[in-house]
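Before any comments, here is the structure.
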Amino acid sequence: MSFALVLDAVILGVVVAGLWAAYRVLGTPSRLAPADYRVVLDDLAVSVGRSAASLRGALAEDDRQREQVAADTRKIFQTGFYQALRLKPDATTDPSALVRAGLGRACEGYEWASRMAESESFGNPAVQEAVRMLLDRADAELSAAQQTLAGLPSAQP
């Protein structure tokens, strides 16, 4: 056996082990019972709405306060976005797929608005206007998702 062949086999083994470890860490999307799934979606919508209101209120604050609120809320929006991507009901059909997609889009918009609000360029009026526009569009997505969620039948445990 040549040294190159052994080296290739070792590299392949390391790559396979790395992929297996990544799969174990990331896993598959969470599957929830319908009642739990609805509770998580409701909680996600409320948390995102509360954080969005906090971010919008902080825009008028001084730089330090605004930056801190933007950093704190960005974490919530990022978590909400990934929850909207990963969470799925245990059932084969997902009547809340549109709600999850809307919550994900709202979280994405809010996250970008918080990034811009936290940046040094927030003093630029064009950036401030862009942040407000992102917040308005994300508010519309969140509102539509909440209305759709309210119209869905609640699952009984």
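The values are calculated or read from the model by the stated rules, or taken from the named source; none is laboratory data. Just so it is clear, the structure is predicted and the values come from calculations on it, not from any experiment. Reconstructed Cβ throughout: ideal geometry from the backbone, glycine too, with neighbour counts over all protein chains shown.
Filtering 101, 91, 97 for residues that are modelled with pLDDT under 95, exposed (fewer than 14 other Cβ atoms within 10 Å of the Cβ) and out of contact with any helix residue (DSSP H, G or I) (no Cβ under 7 Å at 6 or more places or on another chain) leaves a single hit, 97. Could you count how many residues in region 133-157 are modelled with pLDDT of 95 or more and farther than 19 Å from residue 80 by Cα? Total meeting the criteria: 1. The set of residues in region 122-151 being without any contact (Cβ under 8 Å) to a residue 12 or more places away in the chain, small (Gly, Ala, Ser) and under 19 Å from residue 108 (Cβ atoms) consists of 140, 143.
Every condition in (1) among the aliphatic types (A, V, I, L, M); (2) in contact with a helix residue (DSSP H, G or I) (Cβ under 7 Å, 6 or more places away or on another chain); (3) closer than 18 Å to residue 48 by Cα is met by residue 127 except one, and the failing one is (3).
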